[in-house]
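Asker: Below you'll find the structure I mean.
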Amino acid sequence: LVSMGDNTKNKVSAEKGISSLKYAMFSDHPLVKKAAAECLCNMVGNGKFMKMLQDADELRLWMALASDYEEHYECARAAAGCLAMATGDRLIAKTLIQLSNFKERMDACLGSGSIEIVHRMLVVVLNLVELGGEMKAAAIENGLLAFCDAYIESYHNGNKVKELGLQEDQLQAFNTTVETAKQVMRAAES
């Protein structure tokens, strides 16, 4: 329902739904956990939620959730999606790069082997580069552009794709990750 528009997001926010959803993300039931994470991901754009994401502890939590792909894949995918959408905001991006474990968490997500999580985190990198200044510098200093360059070099012509053992239905998503890495490099050059 939250994805239906701003009115619904504002209603959830006004009724203290953000804190309820955040609490539900720690449910023992995997489907409740997944639904809460996905719902909060859809709250990106809501003023209160975006303000909440400007807090370092909050972003640390979302980065931890995105990194927890082995135990809670669906939540990790939603958390990575939230970060991909929210880091277009300069204040959120600035807080993200200042996290003490920023590099460690980014490396974990980019090395996850999940096409969906890698793609979302490449969008985070793209946002940082496009924002420029200290965000772009952080992407460079933390090896994120080097990762994109190596990713493109390894997979641009499809030679090594067969080694990955991808199913036919995964190839389009994989090619999208390669194209996103290329977008990062083009943005870095401009």
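Asker: Among what's in region 2-25 and is in a loop (DSSP other than H, G, I, E, B) and under 20 Å from A86 (Cβ atoms), pick the residue that is modelled with the lowest pLDDT.
Answerer: It comes out as G5.
Asker: Filtering region 74-127 down to residues that are touching a Ser or Thr at 6+ places or on another chain (Cβ under 7 Å) and not hydrophobic (A, V, I, L, M, F, W, C), which residue is surrounded by the most Cβ atoms within 10 Å (Cβ to Cβ)?
Answerer: So, considering only residues that are touching a Ser or Thr at 6+ places or on another chain (Cβ under 7 Å) and not hydrophobic (A, V, I, L, M, F, W, C), the one surrounded by the most Cβ atoms within 10 Å (Cβ to Cβ) is N127.
Asker: Next question, about the same structure. Does F26 count as over 15 Å from the mean Cα position of the chain (by Cα) and touching a residue at least 40 places away in the same chain (Cβ under 8 Å)?
Answerer: On the way: over 15 Å from the mean Cα position of the chain (by Cα): yes; touching a residue at least 40 places away in the same chain (Cβ under 8 Å): no.
So F26 does not fit the description; no.
Asker: Given the residues E74, E116, E134, E130, which is the only one that is in contact with a helix residue (DSSP H, G or I) (Cβ under 8 Å, 6 or more places away or on another chain), closer than 22 Å to A187 by Cα and modelled with pLDDT under 95?
Answerer: Just a single option satisfies the conditions, and that option is E116.
The values are calculated or read from the model by the stated rules, or taken from the named source; none is laboratory data. Values in this document were obtained by computation on a predicted structure and should not be read as measured data. Note that each Cβ is placed from the backbone with ideal geometry, even for glycine, and that neighbours are counted across all protein chains shown.
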